[in-house]
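The values are calculated or read from the model by the stated rules, or taken from the named source; none is laboratory data. All figures in this text were calculated on a predicted structure; none of them were measured in a lab. Because the Cβ atoms are built from the backbone with ideal geometry, glycine has one as well, and the counts that use them run over all protein chains shown.
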Amino acid sequence: MTQHSPEYKDPDEALARITLAERTQIISTFWAAPSDAKFTPEIVAIVLDSTLKSLATLRSRGLGPKFLSSGGGKRLFYLKSAVCDWINTRMVSASNCAEARELELELQDAA
């Protein structure tokens, strides 16, 4: 899944139509990949159970996973290691539930 399907004007609509089996395969492929593997925003959005819009907002605010840009910014990639690092920095425990709620609201606002 590297290109947006032409029948969808909204790339997130194409992501929403992916079957559970397809999502499972994409997520399995991500986790099985080496840490230096590159992934498109579409794949990362699926792995994070997010949308492309939310991921773009986080990226523009400097809050999302670190990314690579090529082709004059036309192509973006995420290293698996950067996505994993970002996920790990967002892990919370019961002792900081207020922080977890704040992060949840931040992600909702980004959508």
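Observations on the structure shown:
- Residue in region 1-58 that is modelled with the highest pLDDT, counting only those that are surrounded by 13 or more Cβ atoms within 10 Å (Cβ to Cβ), of a type in the set (F, W, Y) and not in a loop (DSSP other than H, G, I, E, B): F39
- Residue within region 68-76 that is charged (D, E, K, R), surrounded by 18 or more Cβ atoms within 10 Å (Cβ to Cβ), touching a Ser or Thr at 6+ places or on another chain (Cβ under 8 Å) and modelled with pLDDT of 80 or more present: no
- Conditions (1) modelled with pLDDT of 90 or more; (2) within 25 Å of E22 (Cα to Cα): number failed by R61: (2)
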